[in-house]
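Have a look at the structure below before the remarks.
The values are calculated or read from the model by the stated rules, or taken from the named source; none is laboratory data. Just so it is clear, the model here is predicted, and its values are computed rather than measured. We place every Cβ from the backbone using ideal geometry, glycine too, and count neighbours over all the protein chains shown. The accessibility values were calculated without ligands, DNA or RNA, using every heavy atom of the protein model including side chains. Shrake-Rupley method; radii C 1.70, N 1.55, O 1.52, S 1.80 Å.
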Amino acid sequence: MKFKTSILISKWHIKLEKRTQGSGKVVTEYVKAIRKLIKQVDSERNWTEEQKTYSFTKELRTDLLYALWSLLILKDNSTIDMTIELVQKIEDNQRMHLGSTLPIFASASVMAPASQMTTTSFATQTQDSNKQLIDRLIANFA
């Protein structure tokens, strides 16, 4: 194991802050990278579940994050492990129903930032798809 200096921890923290899932990337790769960086940054295990969950969710693909938010609102005291499990189920559901790991609402290569997603048809499509997904995911936990 490397000797952990404050400089190394700072570098790992910056990597953690800048790490993104990326459009079209599977969540499994992102989970591995984030878990490794959290272990490096928080070797004393002082971080709360909220801090870990934030570090994981802050740069998830937008389509996964929207569905996840709806589910996390329904859960009290969510942990990073529970959050990761939910995201993996959301992505598996997308893959099973759409035959792809690409974001549900993505254009050919890049998703628009959330601030630009304002059309009525898009909002309706997002709400309908997410509601169906949430209903199916919640049924798995019942």
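Of all residue pairs spaced 6 or more apart or on separate chains, those with beta-carbon atoms under 8 Å, a first member in the stretch 80-100 that is touching a residue at least 24 places away in the same chain (Cβ under 8 Å) and a second member that is of a type outside the set (S, T, N, Q) and open to solvent by 30 Å² or more (accessible area, probe 1.4 Å) are Ile80/Glu49; Ile80/Lys52; Thr83/Leu72; Leu86/Leu72; Glu91/Val26; Asn93/Arg136; Gln94/Ile104. I need the full set of residues from the stretch 67-90 which are over 9 Å from the mean Cα position of the chain (by Cα), among the hydroxyl-bearing types (Ser, Thr, Tyr) and part of a helix (DSSP H, G or I), in order please. Selection gives Ser70 alone.
I'd like to know if the stretch 21-39 contains one or more residues that are within 24 Å of Asp92 (Cβ to Cβ), charged (D, E, K, R) and modelled with pLDDT under 90. Yes; the residues of the stretch 21-39 include at least one that is within 24 Å of Asp92 (Cβ to Cβ), charged (D, E, K, R) and modelled with pLDDT under 90. For the stretch 51-80, the set of residues classified as over 24 Å from Ser6 (Cβ atoms) and among the charged types (D, E, K, R) consists of Glu59, Arg61, Asp63, Lys75, Asp76, listed by residue number. Pairing residues of the stretch 22-42 that are under 17 Å from Leu86 (Cα atoms) with residues that are surrounded by 19 or more Cβ atoms within 10 Å (Cβ to Cβ) and hydroxyl-bearing (Ser, Thr, Tyr), at Cβ distances under 7 Å and at least 6 apart in sequence or on separate chains, gives Ile34/Ser55. Among the residues that make up the stretch 51-61, is at least one of them among the aliphatic types (A, V, I, L, M), surrounded by 15 or more Cβ atoms within 10 Å (Cβ to Cβ) and over 20 Å from Arg19 (Cβ atoms)? No, because not a single residue in the stretch 51-61 is among the aliphatic types (A, V, I, L, M), surrounded by 15 or more Cβ atoms within 10 Å (Cβ to Cβ) and over 20 Å from Arg19 (Cβ atoms). Set side by side, the residues Leu60, Leu68 differ, and just one is out of contact with any helix residue (DSSP H, G or I) (no Cβ under 6 Å at 6 or more places or on another chain), in contact (Cβ under 8 Å) with a residue 12 or more places away in the chain and on the phi < 0 side of the Ramachandran plot, which is Leu60.
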